[in-house]
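Have a look at the structure below before the remarks.
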Amino acid sequence: MKKRLTAILLAVTMIVLLFTSCQKRASIDVSAEMGEGVSINGNNTGYGSFAKVEDKLFFINRIGVETVSYMDLNSGEIFCNCNDPTCQHLRVSCTAFLSDNSAGAPRTIAANQGAVITATESEVLKFTPGKKEVLAAAKGNYGSMNIMPYLFEDKMAVFTRDNRLVVRAIENEEELLAIENTVKPVQGGVGDLFYYDGYLYLVRLSQSDVAKDLTDDPTGDLNFNAANDSELIRVSVETGEVEQLIPSNVINISVYGDKIYYKQGSGSGNLMRANLDGSNPELVQTDVDLYNIKDDTIYYSSKEMGDLMSCTIHGENPTVLVQLGDLGFEYMSIKVFSDWDKIVLLKRDSTVFCTVNTDGSDLQLHEMPDFSNYE
């Protein structure tokens, strides 16, 4: 009898354990959807965050009060992501509210499984039309001030106040990996950090400049100045091994095909590419300011004239798509999408963006609305 009772208890315990294991919360996965035929990280080179979800173009609107907004691609009308007409969009409960960081830190957004994913100093957020969901909330602060976390898979990468790049699990903030002496250079682009095929690719302040600045300033605060240089490295997320790919003078990195593309310094018009391990660097184009890549075509702004241009993946056949005079403003980002044959250009003061076909036709301007609702 005793043995039979023990067997019954063991069976019940196994069933309970099986049931509870099935009820375990699924791990958070915010893997950015790369899309077919577009460059990886291309939409995060330069400033301005746009993400296309089905028939809506989501973006961060900084007019009046910072909100998540979207444009209906069928009507061209722009909406605040909050449906409450009385809301001032200043509270965490607002479905368009991002953060009360008054410094306006650059941040990135990505389309993922029918939603938009982004991160603030203390939250990982998912947005759909009229809705917002907190996927994770930090116990303290995810990283250093004014540098937002980068999200990939079920992880985030953050630059910390003690000059490290730390990889953490989103769900419980467990530190998985830390790279010492890793500082984001001032001249680096907002998106000069991304994940691809097991590696984090990133631009950081060169180690000689880190050592020099820490020696010159015993307080430990880095002195960012024009003499600072930047290097391209990649880090194995599995092992933590750090490889230097390009030793100096590199910004605006992306991957297309089996090549990594980058600008040869902020003052240069040289667009370069190399193998993914940094070998065999070669010059692609000499007149490039901003750029992005889709379907073997490079879309770029002329360093000399500011016109929107295109050329082949090898830099051949440079063609003017839209002259700067016809556009009417200088822009600070070029966005392309795998399932939409439009280019999005954001004005430098972030008050206007335009859409244009990839052949330069059908240019349309869209003003950022002020959704402030102050009485």
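If the condition is being open to solvent by 40 Å² or more (accessible area, probe 1.4 Å) and in a loop (DSSP other than H, G, I, E, B), then segment 303-317 contributes 303, 304, 305, 314, 316, 317.
So in segment 332-375, with the set limited to residues that are in a loop (DSSP other than H, G, I, E, B) and charged (D, E, K, R), which one is farthest from residue 54 (Cα to Cα)?
Filtering segment 332-375 for residues in a loop (DSSP other than H, G, I, E, B) gives 338-339, 348-351, 358-363, 368-375.
Checking which are charged (D, E, K, R) leaves us with 339, 348-349, 359, 362, 370, 375.
Numbers: 339: 9, 348: 27, 349: 27, 359: 22, 362: 21, 370: 24, 375: 35 Å.
That would be 375.
Among the residues of segment 246-255, those identified as open to solvent by less than 20 Å² (accessible area, probe 1.4 Å) and in contact (Cβ under 8 Å) with a residue 40 or more places away in the chain are 250, 251, 253, 254, 255. Within segment 139-167, the set of residues being modelled with pLDDT of 85 or more and of a type in the set (A, V, I, L, M) comprises 151, 156, 157, 158, 165, 166, 167.
Can you go through 320, 344, 336 and tell me which one is hydrophobic (A, V, I, L, M, F, W, C) and surrounded by fewer than 20 Cβ atoms within 10 Å (Cβ to Cβ)? Result of the check over 320, 344, 336: 320.
Which residues, taken from segment 38-65, are more than 24 Å from residue 301 (Cβ to Cβ) and open to solvent by less than 30 Å² (accessible area, probe 1.4 Å)? Of everything in segment 38-65, those that are more than 24 Å from residue 301 (Cβ to Cβ) and open to solvent by less than 30 Å² (accessible area, probe 1.4 Å) turn out to be 53, 65.
Quick check on segment 276-291. Is at least one of its residues closer than 30 Å to residue 112 by Cα, open to solvent by 20 Å² or more (accessible area, probe 1.4 Å), small (Gly, Ala, Ser) and part of a loop (DSSP other than H, G, I, E, B)? No, because not a single residue in segment 276-291 is closer than 30 Å to residue 112 by Cα, open to solvent by 20 Å² or more (accessible area, probe 1.4 Å), small (Gly, Ala, Ser) and part of a loop (DSSP other than H, G, I, E, B).
Residue count for segment 105-157 under the criterion of being among the aliphatic types (A, V, I, L, M), in a loop (DSSP other than H, G, I, E, B) and surrounded by 21 or more Cβ atoms within 10 Å (Cβ to Cβ): the result is 1. The set of residues in segment 318-327 that are outside any strand (DSSP E or B), in contact (Cβ under 8 Å) with a residue 12 or more places away in the chain and not acidic (Asp, Glu) comprises 318, 323, 324, 327. Screening residue 300 on (1) open to solvent by less than 70 Å² (accessible area, probe 1.4 Å); (2) assigned to a strand (DSSP E or B); (3) touching a Lys or Arg at 6+ places or on another chain (Cβ under 9 Å) shows it passes everything except condition (3). Scanning segment 174-206 for residues that are open to solvent by 40 Å² or more (accessible area, probe 1.4 Å), at pLDDT 85 or above and in a loop (DSSP other than H, G, I, E, B) yields a total of 3.
The values are calculated or read from the model by the stated rules, or taken from the named source; none is laboratory data. Since we're looking at a predicted model, the values are computed, not measured. Cβ sites come from the backbone with ideal geometry, for glycine too, and all protein chains shown count toward neighbours. Ligands, DNA and RNA are excluded from the accessible area calculation, which covers all protein heavy atoms including side chains. Shrake-Rupley method; radii C 1.70, N 1.55, O 1.52, S 1.80 Å.
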